[in-house]
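Written below as structure tokens is the structure these notes are about.
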Amino acid sequence: MLKPENIRNIAIIAHVDHGKTTLVDAMLKQSRIFRDNQQVHTRVLDSNDLERERGITILSKNTAIHYKGVKINIVDTPGHADFGGEVERVMNMVDGVLLLVDAVEGPMPQTKFVLRQAIERGHKVIVVVNKIDRPNAQPEEVINTTFDLFVDLGATDEQCEFPIIYASGLTGSSGYEPDQLTPSLEPLFEEIVHSLPSPDVEVDGPTQLQATLLGYDEYKGQIVIGRLQRGKVRKNQSLLLIQADETKRTIKIGQVFTHQGLQRQEIEEATAGDIIALTGISDVRIGDTITDPEYPEALPPIRIEEPTLRMT
Ligand code: GDP
């Protein structure tokens with residue numbers, strides 16, 4: 001059984017082109033989840049524009065990587081502009097963040113919005129100075145600018161003492177000093193596992209999950225995505241849905257999915273801390289809580305912005 005202490009739910013904040021896709025692909029390959037026959041699509045983490053137009057957030061682009069018995073769920077984050085409060089919601093599901101910064105360009109103003117949300121949420125941030133193989137890399141300057149940005153954004157002293165990993169997603173190498181890289185991403189994995197917290201959830205106790213992101217599948221209908229906050233969720237289980245206006249209705253879960261590599265994987269039962277996708281429930285809204293019928297406790301509501309307020 002997957003225990004919360006063996007889970008890390010993280011988001012990667014990166015300016016476009018700073019190498020998020022390449023790095024995640026390298027992490028997948030090195031964690032051996034990646035299968036040789038599984039085609040790597042470039043830009044695997046990019047959101048589907050069509051879904052975006054419909055105002056639906058899909059989460060099938062998320063990734064789960066296993067490292068030394070720890071499951072690392074990487075939740076996709078829009079790199080800059082917010083979309084319907086999505087950044088804030090993603091930040092509520094994760095417990096730590098990687099800030100990926102190009103070793104030549106340094107942090108870009110466009111990522112400030114997302115980084116601010118992570119900092120305000122109190123998350124610990126690992127700064128990954130990426131593309132360190134570039135000939136004109138300026139790791140010290142980049143760290144200084146990043147530190148200034150943290151101070152600007154009101155980061156706590158603890159957040160300002162961010163761990164730093166130098167990496168090249170392209171060559172799959174990383175290390176604690178810019179000139180002492182190992183040809184592996186192990187230092188990065190170690191840092192994620194050791195300095196980012198596991199989800200603060202209750203394994204035992206009545207089921208509780210907040211619908212944080214919604215997806216839609218042509219065959220399965222609405223898909224509810226969230227971090228299981230307490231208890232378990234089983235396939236075909238009867239639970240209670242509490243909506244924002246406090247109306248309650250009995251629901252029956254269809255299937256339960258988690259992530260495995262780039263794919264969704266159906267499981268019989270999910271345990272607290274994991275990020276899961278549920279099918280079989282309709283008319284769910286963001287912020288609704290799914291609970292044990294005997295313990296109808298709603299989680300605090302989520303602020304939702306209309307997609308029309310989207311900034312670009
Ligand atoms: P994303 O937009 O953040 O997902 O960035 P991509 O992973 O698509 O990378 C953008 C560009 O940077 C591509 O041309 C990559 O080949 C290149 N790139 C990615 N990682 C590295 C790296 O570690 N070193 C160098 N030199 N180039 C990289």
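Scan segment 154-169 residue by residue and report those that are in contact with a strand residue (DSSP E or B) (Cβ under 9 Å, 6 or more places away or on another chain) and either hydroxyl-bearing (Ser, Thr, Tyr) or not in a helix (DSSP H, G or I) (or both).
Hits for segment 154-169 are ALA155, PHE162, PRO163, ILE164, ILE165, TYR166, ALA167, SER168, GLY169.
Go through (1) closer than 16 Å to ILE10 by Cβ; (2) small (Gly, Ala, Ser); (3) not in a strand (DSSP E or B) for SER174 and report which single condition fails.
(3)
If I go through segment 212-230 residue by residue, how many of them are at pLDDT 95 or above and assigned to a loop (DSSP other than H, G, I, E, B)?
0
If you go through segment 263-284 one residue at a time, how many are hydroxyl-bearing (Ser, Thr, Tyr) and surrounded by fewer than 17 Cβ atoms within 10 Å (Cβ to Cβ)?
1
Need a quick list: strands (runs of 3 or more DSSP E) entirely within segment 1-93 having at least 2 residues that are at pLDDT below 90 and closer than 22 Å to ILE126 by Cα.
none
Residue by residue through segment 10-33, note down the ones that are more than 6 Å from the ligand (Cβ to nearest atom) and out of contact with any Phe, Trp or Tyr (no Cβ under 9 Å at 6 or more places or on another chain).
ILE10, ALA11, ILE12, ILE13, HIS15, LEU23, VAL24, ALA26, LYS29, ARG32, ILE33
So for segment 142-153 (the condition being more than 23 Å from THR21 (Cα to Cα) and either in contact with a strand residue (DSSP E or B) (Cβ under 8 Å, 6 or more places away or on another chain) or crowded, with 19+ Cβ neighbours inside 10 Å (or both)), does at least one residue qualify?
Within segment 142-153, one or more residues are more than 23 Å from THR21 (Cα to Cα) and either in contact with a strand residue (DSSP E or B) (Cβ under 8 Å, 6 or more places away or on another chain) or crowded, with 19+ Cβ neighbours inside 10 Å (or both).
Please go through segment 235-261 and pick out each residue that is among the aliphatic types (A, V, I, L, M), in contact (Cβ under 8 Å) with a residue 40 or more places away in the chain and either within 19 Å of PRO199 (Cβ to Cβ) or not in a strand (DSSP E or B) (or both).
ALA244
Any chance you could count how many residues in segment 262-278 are assigned to a loop (DSSP other than H, G, I, E, B) and either modelled with pLDDT under 95 or not acidic (Asp, Glu) (or both)?
Matching residues across segment 262-278 total 3.
Within segment 175-202, which residues are under 17 Å from ASP102 (Cα atoms) and in contact (Cβ under 8 Å) with a residue 40 or more places away in the chain?
Selection gives PRO178, LEU181, LEU185, LEU188.
Give me the pairs, please: first residue somewhere in segment 1-28 and within 21 Å of SER184 (Cα to Cα) and of a type in the set (Asp, Glu), second residue anywhere and surrounded by fewer than 23 Cβ atoms within 10 Å (Cβ to Cβ) and modelled with pLDDT under 95, beta-carbon distance under 9 Å, and either six or more positions apart or on two chains.
ASP25/PHE34; ASP25/VAL40; ASP25/THR42; ASP25/VAL44
I'm told VAL142 meets every condition in (1) within 16 Å of the ligand (Cβ to nearest atom); (2) in contact with a Phe, Trp or Tyr (Cβ under 9 Å, 6 or more places away or on another chain) except one. Can you identify the failing condition by its number?
(2)
Working carefully through the options THR111, THR171, find the one that is within 11 Å of the ligand (Cβ to nearest atom), at pLDDT below 95 and of a type in the set (Ser, Thr, Tyr).
Result: THR111 is the single residue among THR111, THR171 that is within 11 Å of the ligand (Cβ to nearest atom), at pLDDT below 95 and of a type in the set (Ser, Thr, Tyr).
Does segment 118-130 hold any residues that are in contact with a Leu (Cβ under 7 Å, 6 or more places away or on another chain) and either among the hydrophobic types (A, V, I, L, M, F, W, C) or surrounded by 20 or more Cβ atoms within 10 Å (Cβ to Cβ) (or both), and which are they?
Result: ILE119, VAL125, ILE126, VAL127, VAL128, ASN130.
In segment 189-208, is there at least one residue being surrounded by 18 or more Cβ atoms within 10 Å (Cβ to Cβ), in contact with a Ser or Thr (Cβ under 6 Å, 6 or more places away or on another chain) and among the hydrophobic types (A, V, I, L, M, F, W, C)?
no
For residues that are of a type in the set (D, E, K, R), at pLDDT 95 or above and farther than 23 Å from VAL87 by Cβ, scanning just segment 285-312, find the one that is surrounded by the fewest Cβ atoms within 10 Å (Cβ to Cβ).
Filtering segment 285-312 for residues that are of a type in the set (D, E, K, R), at pLDDT 95 or above and farther than 23 Å from VAL87 by Cβ, the one surrounded by the fewest Cβ atoms within 10 Å (Cβ to Cβ) comes out as GLU294.
The values are calculated or read from the model by the stated rules, or taken from the named source; none is laboratory data. Please read these numbers as outputs of a predicted model, since none were measured by experiment. As a convention, Cβ positions derive from the backbone with ideal geometry for all residues, glycine included, and neighbour counts pool all protein chains shown.
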